[in-house]
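Heads up: the structure comes next, in structure tokens.
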Amino acid sequence: VNKQSKESIDVDSFLNEYHNQRNLHPTESFKIDFYGGEPLIYFDKIKQIIESTNDVKYFMPTNGLLLTADILSYLQTHNVDVSLSYDGLWQDDNRPQGKRYTNDLYVKRKDFFRSMDNFTIHCMINPGNYNILDNHKYLTDYGTNPDMTIIEDRNVWTSKSVELLNTGITELFDWYISNPTEPLPNFIRCYLMPVIVYKSKRVVVGDCGVGVNHLSFSDNKLVPCNRFKDEPELIPKIEEYKHLSTCDTCEINKYCRKGCIYENIKHGGVIAELCDVYKHVHLCINDMIDKLNTNKHFIGVIEEMVRNEL
Ligand code: SF4
């Protein structure tokens with residue numbers, strides 16, 4: 001449902017769609033993400049779904065503020081991977097709750113979060129969030145290697161903000177190149193993975209799978225992705241936007257995930273400012289590979305990626 005909505009999904013309708021999909025795709029593995037708004041507001045519904053499904057891997061992005069030891073114990077017993085939606089140094093700028101700022105609540109709960117098994121932090125990069133290396137280190141102190149995702153909406157980035165973002169990205173790469181014994185930052189891993197997959201297997205990782213292996217259950221209906229729930233007229237355009245002629249001649253075509261298909265449809269093509277970021281990241285990847293190609297720690301990271309991603 002919309003973040004501001006007081007509604008939540010109807011569990012019976014969800015289960016009906018879930019069983020339909022299982023019947024349609026009997027040999028596929030299934031993953032269920034519980035997301036909101038804040039999914040833990042409806043923990044009773046989450047339990048109902050978990051207890052009515054099986055052979056599923058569950059994920060839950062949550063702001064974590066309602067997590068208690070009891071809830072955590074239930075989630076971990078039932079194989080739910082918890083991802084904390086938390087922006088660290090950028091939290092109060094990126095995610096104010098009305099006039100309330102929340103970063104101090106996370107700082108106070110740091111020991112609790114650090115005690116969690118197998119959790120991740122998911123952080124969004126907006127214009128203004130250029131100190132990427134500082135935030136990587138800040139979030140790492142919560143006991144996990146943070147995921148950092150660039151906001152890929154249209155009309156968000158300008159050439160000036162992209163320039164500042166690219167400087168911040170270079171700083172993160174330069175730090176890792178100087179410290180290859182540190183875990184590879186997940187931000188870098190996310191862009192390196194399609195390169196490794198293509199170079200080792202000639203497999204193109206491609207888009208997010210919208211409508212094919214990703215479906216959303218939003219406002220009690222099944223849609224290719226949450227973003228399309230109020231604009232069903234855009235759904236037929238998804239296939240067309242999976243293969244854009246602009247990308248055919250681009251030097252990073254084989255490695256680039258090409259942003260968000262919904263945003264590209266609304267924009268009428270790829271978003272040039274984001275292309276500048278993707279190309280910059282790939283220059284940084286080439287530089288990193290050149291400088292670390294004989295480093296045993298880096299070679300170990302690549303070997304592990306080839307083993308786990310293919
Ligand atoms: S950088 Fe832009 S043009 Fe190049 S492949 Fe990615 S989305 Fe397409």
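The values are calculated or read from the model by the stated rules, or taken from the named source; none is laboratory data. Since this is a predicted model, take the numbers as computed values, not measurements. We place every Cβ from the backbone using ideal geometry, glycine too, and count neighbours over all the protein chains shown. Surface accessibility is based on the protein's heavy atoms, side chains included, excluding ligands, DNA and RNA. Shrake-Rupley method; radii C 1.70, N 1.55, O 1.52, S 1.80 Å.
Taking residues in region 245-274 that are closer than 14 Å to Trp157 by Cα, and partners anywhere that are within 10 Å of the ligand (Cβ to nearest atom) and open to solvent by 60 Å² or more (accessible area, probe 1.4 Å), the pairs with Cβ atoms closer than 7 Å and at least 6 places apart or on different chains are Val270/Thr246.
Taking the criterion of being part of a helix (DSSP H, G or I) and either near the ligand (Cβ under 8 Å from one of its atoms) or of a type in the set (A, V, I, L, M, F, W, C) (or both), the residues of region 229-246 that qualify are Leu234, Ile235, Ile238, Thr246.
Residues that are among the β-branched types (Val, Ile, Thr) and either open to solvent by 30 Å² or more (accessible area, probe 1.4 Å) or under 23 Å from Gly211 (Cα atoms) (or both) were ranked within region 247-283; the one that is nearest to the ligand (Cβ to nearest atom) is Val270.
Filtering Ser200, Ser218 for residues that are farther than 19 Å from Arg307 by Cα, more than 16 Å from the ligand (Cβ to nearest atom) and touching a residue at least 12 places away in the same chain (Cβ under 8 Å) leaves a single hit, Ser218. Within region 79-125, the set of residues being out of contact with any Pro (no Cβ under 7 Å at 6 or more places or on another chain) and part of a strand (DSSP E or B) comprises Val80, Asp81, Val82, Leu84, Gln97, Arg100, Thr120, Met124, Ile125.
Is region 285-301 home to any residue that is in a helix (DSSP H, G or I), within 16 Å of the ligand (Cβ to nearest atom) and in contact (Cβ under 8 Å) with a residue 60 or more places away in the chain? Yes - at least one qualifying residue is present in region 285-301.
Scanning region 70-88 for residues that are farther than 17 Å from Tyr142 by Cα and surrounded by fewer than 18 Cβ atoms within 10 Å (Cβ to Cβ) turns up Asp70, Ile71, Ser73, Tyr74, Gln76, Thr77, His78, Asn79. Among residues of region 2-39 being of a type in the set (D, E, K, R) and under 21 Å from Val80 (Cα atoms), the one that is nearest to the chain's Cα centre (by Cα) is Asp33.
For region 196-216, give me each residue that is within 20 Å of Gly37 (Cα to Cα) and either open to solvent by 30 Å² or more (accessible area, probe 1.4 Å) or of a type in the set (D, E, K, R) (or both). Those that are within 20 Å of Gly37 (Cα to Cα) and either open to solvent by 30 Å² or more (accessible area, probe 1.4 Å) or of a type in the set (D, E, K, R) (or both): His214, Leu215.
In the set (1) open to solvent by 40 Å² or more (accessible area, probe 1.4 Å); (2) touching an Asp or Glu at 6+ places or on another chain (Cβ under 6 Å), Gln4 fails one condition alone, (2).
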